[in-house]
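Shown next, in structure tokens, is the structure this report addresses.
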Amino acid sequence: MSIDLKTIKHISKLSRISVDEKKAEKLAGDLNSIFDFIEKLNELKTDNVEPLTSVAETTLKLRSDEVKSKNLRDQVIKNSPKENEDYFVVPKVIE
Amino acid sequence: MSDITKQSLSELVENIKSKKLSSSEVTKAFVERSEKSKELNVYITEDYANALDKAKRFDEKPNLDLKLPGIPMAVKDLFCTRDLRTTAGSKILNNFVPTYESTVTQNIWNEGAILMGKLNCDEFAMGSSNETSFFGNVQNPIDKNLVPGGSSGGSSSAVAAQLTPITIGTDTGGSIRQPASFTGTVGLKPTYGSCSRYGIVAFASSLDQAGPMAQNVKDCALLQDVISTYDEKDSTSIDFKRNEYGKELTKDIKGKKIGIPKEYRVDGMPKEIEDLWKKGIEYAKDCGAEIIDISLPHTNYALPTYYIVAPAEASSNLARYDGVKYGFRAEGENLIDMYEKTRSEGFGAEVQRRIMIGTYVLSSGYYDAYYLKAQKVRKLIKNDFDDAYKKVDAILTPSTPSSAFKIGEKTNDPVSMYLNDIFTVPVNLAGLPGISIPAGHDAKGYPLGLQIIGKAFDEQNILNIAYAMEEKINFQNNITDWWIK
């Protein structure tokens, strides 16, 4: 199996991480060696195996739907890289 | 009392309770030693002035019934601490100040401990050497230019160098046990669901667990007592009857059945590790345990499984870092461009690599071939342990396939770095508890650890085995304070 530059660029789009040519080549090399290593799983037949999604064998507990935390709006907004009064600010989306 | 920082947690607690020492004296001693130890680069954020202030207030009105009365403690910078910057070792969280406290740290402060600062770690806990941290690598106090292990490398280094009496780390694939092994300290990864994940910066949610890192097994048990609680804020926290791990600790392990898995004799394993393991078996026998050969046939598939499951979960957890609500933002021409530049400049190379792997294995057309396949193999790995535990009470293995390596030695080859976790990763995949205890030295004088793996929720049993073996091993850490001028 081989991950080519086109695939790297596709994954980088999906990941929302910009990559230039040089970085794409480095990533292709790294990912190919990692996937060579991962391919080992194909030695195993797993047709009748149930996938394990969680090791915690519990059912989710229900709880009453009540607000417990205080209003932290100002502190939460303060962590934002760019804010305007009560809003997060992002580059213009609609022309 | 001069050598305050040389005392174990249990000694410090005893001395504060009997008023031989005050919290201020203890806190001052650890702060002073930390200040002289900047070269180790264990701290990302220091909070010494507040710590000394809190210690003073504790002494004015001491509550000596608490389990950690006035004990200063630095914690891994993956735990959110209210009003104190929490970075996860990443540029993208460089300025993040949480408005909430992680449950595990809250439990610790509730018992009287005092926060001294936040400890360095691999970025988002992704690494085995602490070299992926945005805040630079950490020195292992054992030797200059030696990695302290990872991802809890600041934590292991700080405990070994006696800059904090005890600490907490997190372990997704070995991040507590491997650094403990590399620094001659003790590290426990509890059963999945034992310690709340609330307020811990998420890496791979089905694997992440917090746990204690300490100078010795007793201290580890005392802290586990404090941090393991059921928490409704974590939907995978498990409501089971917890032991009083410290109080119930015993060296009587007579008749305990300890399994030795033949698959852990991996190709190319140094003879030193094999010898250490054999010695460990003898120690366990000396303690009255019965040794039984077992098989965990899917061991070799654990790392490939992990490198699908963990990046897949990470790619989804790390989607939240978008430069909008908190953290670093790079300017872009439009919204998408801003996202892409923020994440490209804000995340380091290893984190980007893992996000890309995770995105790929979850992407359309590949999900079944990779992610679903890995979940099925994960089931087989868990079945191996379930079968083994029909015959034995615990399993003994080496903690790592080598001793600590040099800074820079493995940074160019991700797969060789990943192989470090070969003995620890299966334990996370199966959700089991595992503890690493120092058990000897290699030819270079670097520490080596042994791992004891338990049944789910059986922390007390592996702590007891570790406690009994610790006495027989009688390990001495060779730390010369070379970094103190």
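The values are calculated or read from the model by the stated rules, or taken from the named source; none is laboratory data. No experiment lies behind these values; they were computed from the predicted model shown. All Cβ positions, even for glycine, are placed from backbone atoms using ideal geometry, and neighbour counts span all protein chains on display. These accessible areas exclude ligands, DNA and RNA; they are computed on the full protein's heavy atoms, side chains included. Shrake-Rupley method; radii C 1.70, N 1.55, O 1.52, S 1.80 Å.
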Determine, yes or no, whether residue B:251 is within 26 Å of residue A:68 (Cα to Cα), outside any helix (DSSP H, G or I), open to solvent by 80 Å² or more (accessible area, probe 1.4 Å) and touching a residue at least 12 places away in the same chain (Cβ under 8 Å). no
Being at the interface with chain A (Cβ under 7 Å from one of its Cβ atoms), surrounded by fewer than 18 Cβ atoms within 10 Å (Cβ to Cβ) and of a type in the set (S, T, N, Q) is the filter here; which residues of the stretch B:315-344 pass it? B:334
Could you please let me know if residue A:13 is modelled with pLDDT of 95 or more, within 9 Å of chain B (Cβ to nearest Cβ), more than 20 Å from residue B:369 (Cα to Cα) and not in a loop (DSSP other than H, G, I, E, B)? yes
Sort out which residues of the stretch A:79-93 are surrounded by 10 or more Cβ atoms within 10 Å (Cβ to Cβ) and either in contact with a Phe, Trp or Tyr (Cβ under 9 Å, 6 or more places away or on another chain) or more than 9 Å from chain B (Cβ to nearest Cβ) (or both), and write them in order of number. A:79, A:80, A:81, A:82, A:83, A:87
Selected residue (criterion: farthest from the chain's Cα centre (by Cα)) from residues of the stretch A:20-43 that are at the interface with chain B (Cβ under 8 Å from one of its Cβ atoms) and aliphatic (A, V, I, L, M): A:41
Helices (runs of 4 or more DSSP H) fully within the stretch B:378-485 counting 2 or more residues that are away from every other protein chain (no Cβ under 14 Å): B:459-473
Looking at the stretch B:113-122, can you tell me whether even one residue there is within 14 Å of the chain's Cα centre (by Cα) and over 29 Å from residue B:11 (Cβ atoms)? yes
From the list B:305, B:299, B:359, pick out the single residue that is open to solvent by less than 30 Å² (accessible area, probe 1.4 Å), away from chain A (no Cβ under 11 Å) and among the β-branched types (Val, Ile, Thr). B:299
If a residue must be within 28 Å of residue A:52 (Cβ to Cβ) and more than 12 Å from every other protein chain (Cβ to nearest Cβ), how many such residues does the stretch B:183-197 contain? 6
Do we find that residue B:26 is buried (at least 20 other Cβ atoms within 10 Å of the Cβ) and touching a Ser or Thr at 6+ places or on another chain (Cβ under 8 Å) in this structure? no
Identify all residues within the stretch A:1-10 that are in a loop (DSSP other than H, G, I, E, B) and either among the small types (Gly, Ala, Ser) or loosely packed, with under 15 Cβ neighbours inside 10 Å (or both); write none if there are none. A:1, A:2, A:4
(1) of a type in the set (Ser, Thr, Tyr); (2) more than 8 Å from chain A (Cβ to nearest Cβ); (3) in contact (Cβ under 8 Å) with a residue 60 or more places away in the chain: which one isn't true of residue B:370, the others all being true? (2)
Could you check how many residues of the stretch A:44-73 are more than 8 Å from every other protein chain (Cβ to nearest Cβ) and surrounded by fewer than 10 Cβ atoms within 10 Å (Cβ to Cβ)? 13
Counting only residues that are open to solvent by less than 10 Å² (accessible area, probe 1.4 Å) and in contact with a helix residue (DSSP H, G or I) (Cβ under 6 Å, 6 or more places away or on another chain), which one in the stretch B:89-107 is nearest to residue B:62 (Cα to Cα)? B:104
Tell me which residues, restricted to the stretch B:140-165, are more than 12 Å from the chain's Cα centre (by Cα), surrounded by 24 or more Cβ atoms within 10 Å (Cβ to Cβ) and of a type in the set (A, V, I, L, M, F, W, C). B:142, B:147, B:158, B:160, B:161, B:163
Quick check: is even one residue across the stretch A:56-75 closer than 30 Å to residue B:377 by Cβ and under 23 Å from the mean Cα position of the chain (by Cα)? yes
I need the full set of residues from the stretch B:281-316 which are hydroxyl-bearing (Ser, Thr, Tyr) and either under 19 Å from residue B:430 (Cβ atoms) or assigned to a strand (DSSP E or B) (or both), in order please. B:295, B:299, B:301, B:305, B:306, B:307
If you take the residues in the stretch B:319-365 that are among the basic types (Lys, Arg) and assigned to a helix (DSSP H, G or I), which one is nearest to the chain's Cα centre (by Cα)? B:354
In the stretch B:393-402, how many residues are more than 17 Å from the chain's Cα centre (by Cα) and open to solvent by less than 10 Å² (accessible area, probe 1.4 Å)? 4
